[in-house]
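Peer 1: Structure provided below as structure tokens; questions to follow.
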Amino acid sequence: MLLPQAATAQSSPAYVLEIEGAGEFQEMLEEHLDISRQANEGLPPEQVERLVDTAPEQVRELLATEGYFSPTVRAVLDTSGSPWSVRIEVDPGQRTRVISVDIRFRGAIAEGPGADESRMNRLRRRWGLDPGDVFRQAAWTEEKNDLLKDLLSRDYPTAVITHSEARIDPKDNSAVLTVEADSGPAFTFGELDIHGLTRYSRAMIDNLNPIQPGEPYSQDKLNELQARLEDSGYFRSAFATLEPDRARPERVPVRLDLVENPRKRLALGGGFSTDTGARAQVRWLDRNFLRRDWRLESELRIDRETYLAGGDIFLPPVSAGLLPPGWLPSFGARVERTTTGGETNDKLRFGARVTSPNRFDEKAWALTYLGDRQSIGDTFINNRQALIASFTYTKRRLDHPLRPRAGYVASVELGTGLRGLINESNIFRVLGRATLLRPLAPRWQAVLRGQVGQVFGGSRQTVPADLLFRAGGDQSVRGYGYNSLGVPQDGAIVAGPVTAVVSAELVRQILPQWGAAVFVDAGNAADSWDGFRLQRGTGVGARWRSPIGPVNIDLAYGHATRKPRLHFSVGYGF
């Protein structure tokens, strides 16, 4: 029921609107009917009467989008009292259901030597508005768009829907659906036509290019080319397009528009984290190091718990050899001092790494030396070192790289080091992580996160800290300090050989860019699974979808410490 603002009796009568019998569509009608939306605008009498006259037809149009094509609607205006009374009586009737679907194809997908019967059958099977389903206009539009999108994204960039009809019979509440799609010719890729390349070599782009001239057109291939170039660090943006012409479908040139990053860049920065406090940072970037198109990334960073100096050199992508074209070799070194939970570690780390160019299914091989000097108070000093070969596989399936709403990221890391000159014992390390984002309903989202890891062989007395595990903090177990969960030793908390962390979060969107969350986290690190005990944290938080990614402000209660703790973070814990 809506009661508008008061108005003068001569020109702008106020009226009360009642909608009866709408059931689940009450909110939709109140939001979209003109007589509802304009109720508080102080309308003159003749305009109110006109809105009452047009309301039944608007109700029928709105209900038709939900599959009701034979509703009974009556609008009654009572001017005897003050304010006026408008009553809309609605009987939606029977919902219309689909009784048949006919999907037809023309063009290269259906005709000639390149006809693809299996793909046509697959598209028919994937059609989601089947006989027996309720006919809704939104679903009808979505299924046609999905059908066309499938054709456009692979092989047929000029595909069109040439005919579509939903024949509605109000007498028996049935819908007969017909769709005809013309795929057009099958297209193939040609050579790259590059624009905007002045600072860096063409060979680097060719090594990153996943497209082979003559192969079938694929939008995924264009997206992969763009992603590889932007991830390389040499380009601010890359945009790959094709100008399809049905008369010339073979070996169509791929236009590549580039915006290059500058060769050198000095960045001074600062920040604050509830994990590590205030932070100061200096970064130096040289994208033509030693005039070889090598990329040098170096940094100095200081915060409450860390002093770090290090750098990495990224070589141009390989063109041939033991690895497929496009893989990125790199090597680097860093020295670091960390002070966490009463433990100080002076660390040295250097190694080499090769990474696949595909960010969606990323693989990385590495060989790393790690050494540290562990100190607890003035009495305990321990030197540890290891040489580890590792493999990491990461699978990313997100709907947006910076502001995802749905999808997942999962990774597994395997590392091993043999007993010998450096390792005191055989070491095997495994770590698995996953984060799932899942919309549950309009304005609701679930965020699930998990991690499990273990080091086999050696012990925390012989294995360097960077191979062991801790828990606690903004992206781990909220309600506890950064890396404050681990193994007690001489009044300090140190890293342990086993860890597990799980988290469940429910987010409710309140405004377009703001939401509220409730969550529960649990996790820990320990010497063994026998002594492992989950520590819980629960709380509430605010979510802001900022231009740089999700910003999270959480107030969590640590059940072991019985104290609340404020957390601030950006992004998800991938």
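The values are calculated or read from the model by the stated rules, or taken from the named source; none is laboratory data. Quick caveat: nothing in here was measured; it's all calculated off a predicted structure. Here the Cβ positions follow ideal geometry from the backbone for every residue, glycine too, while neighbour counts run over all protein chains shown. SASA here: full protein model, heavy atoms, side chains in, ligands and nucleic acids out. Shrake-Rupley method; radii C 1.70, N 1.55, O 1.52, S 1.80 Å.
Peer 1: Looking at E142, E165, which one is in contact with a Ser or Thr (Cβ under 6 Å, 6 or more places away or on another chain) and closer than 30 Å to A55 by Cα?
Peer 2: After ruling out the rest, the residue left standing is E165.
Every residue, every condition in (1) at pLDDT 90 or above; (2) within 30 Å of S459 (Cα to Cα), yes or no:
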site	(1), (2)
R263	yes, no
A267	yes, no
T306	yes, yes
S319	no, no
D346	yes, yes
D361	yes, no
A364	yes, yes
Y369	yes, yes
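Peer 1: Here's another thing I want to ask about it. Taking the residues in segment 372-393 that are among the hydroxyl-bearing types (S, T, Y) and surrounded by 13 or more Cβ atoms within 10 Å (Cβ to Cβ) as candidates, determine which candidate is nearest to E362 (Cα to Cα).
Peer 2: Y393
Peer 1: Which members of segment 372-425 meet the condition of being over 16 Å from L468 (Cα atoms), among the small types (G, A, S) and within 36 Å of the chain's Cα centre (by Cα)?
Peer 2: The answer is A406, G407, A410, S411.
Peer 1: I'm trying to understand the selection: among the residues of segment 313-328, which are open to solvent by 60 Å² or more (accessible area, probe 1.4 Å) and under 29 Å from the mean Cα position of the chain (by Cα)?
Peer 2: P324, P325
Peer 1: Residue pairs, Cβ under 6 Å, 6 or more apart or interchain, first in segment 137-156 and within 16 Å of T178 (Cβ to Cβ) and assigned to a helix (DSSP H, G or I), second among the aliphatic types (A, V, I, L, M) and open to solvent by 60 Å² or more (accessible area, probe 1.4 Å). List them.
Peer 2: Listed by first residue and then by second, the contacts come to nothing, as the list is empty.
Peer 1: So is S569 within 24 Å of the chain's Cα centre (by Cα), open to solvent by less than 10 Å² (accessible area, probe 1.4 Å) and touching a residue at least 24 places away in the same chain (Cβ under 8 Å) or not?
Peer 2: Considered against the rule, which asks whether it is within 24 Å of the chain's Cα centre (by Cα), open to solvent by less than 10 Å² (accessible area, probe 1.4 Å) and touching a residue at least 24 places away in the same chain (Cβ under 8 Å), S569 comes out as no.
Peer 1: Still on this structure, I have one more. Kindly establish whether V477 is surrounded by 14 or more Cβ atoms within 10 Å (Cβ to Cβ), in a strand (DSSP E or B) and β-branched (V, I, T).
Peer 2: When the stated conditions are applied, V477 does not pass them.
Peer 1: What pairs can you find where one residue is in segment 180-201 and closer than 20 Å to P157 by Cβ and at pLDDT 95 or above, the other is open to solvent by 50 Å² or more (accessible area, probe 1.4 Å) and of a type in the set (S, T, N, Q), and their Cβ atoms are less than 6 Å apart, with a gap of 6+ or different chains?
Peer 2: E180/T162; D182/T162
Peer 1: Here's another thing I want to ask about it. What number of residues in segment 329-347 are open to solvent by 40 Å² or more (accessible area, probe 1.4 Å) and over 23 Å from A525 (Cα atoms)?
Peer 2: Result for segment 329-347: 4.
Peer 1: Also, I was wondering about something else. Mind listing whichever residues of segment 171-210 are under 21 Å from A240 (Cα atoms), open to solvent by less than 10 Å² (accessible area, probe 1.4 Å) and among the β-branched types (V, I, T)?
Peer 2: Of everything in segment 171-210, just one residue is under 21 Å from A240 (Cα atoms), open to solvent by less than 10 Å² (accessible area, probe 1.4 Å) and among the β-branched types (V, I, T), namely I205.
Peer 1: Go through P317, P324, P253 for me and flag whichever is closer than 30 Å to S218 by Cβ and in contact with a helix residue (DSSP H, G or I) (Cβ under 8 Å, 6 or more places away or on another chain).
Peer 2: P317
Peer 1: Further question: Look at R536 and say whether it is touching a His at 6+ places or on another chain (Cβ under 6 Å), surrounded by 15 or more Cβ atoms within 10 Å (Cβ to Cβ) and charged (D, E, K, R).
Peer 2: Taking the combined requirement at face value, the residue satisfies it.
Peer 1: Scanning for something at pLDDT 95 or above and surrounded by fewer than 19 Cβ atoms within 10 Å (Cβ to Cβ), does segment 439-449 turn up at least one residue?
Peer 2: Looking through segment 439-449, at least one residue is at pLDDT 95 or above and surrounded by fewer than 19 Cβ atoms within 10 Å (Cβ to Cβ).
Peer 1: Here's another thing I want to ask about it. Return the only residue of R470, R543 being more than 30 Å from W444 (Cα to Cα) and not β-branched (V, I, T).
Peer 2: Testing whether each residue is more than 30 Å from W444 (Cα to Cα) and not β-branched (V, I, T) leaves just R470.
Peer 1: Let me ask something additional. Answer yes or no as to whether I99 is hydrophobic (A, V, I, L, M, F, W, C), surrounded by 14 or more Cβ atoms within 10 Å (Cβ to Cβ) and in contact with a helix residue (DSSP H, G or I) (Cβ under 6 Å, 6 or more places away or on another chain).
Peer 2: Taking the combined requirement at face value, the residue does not satisfy it.
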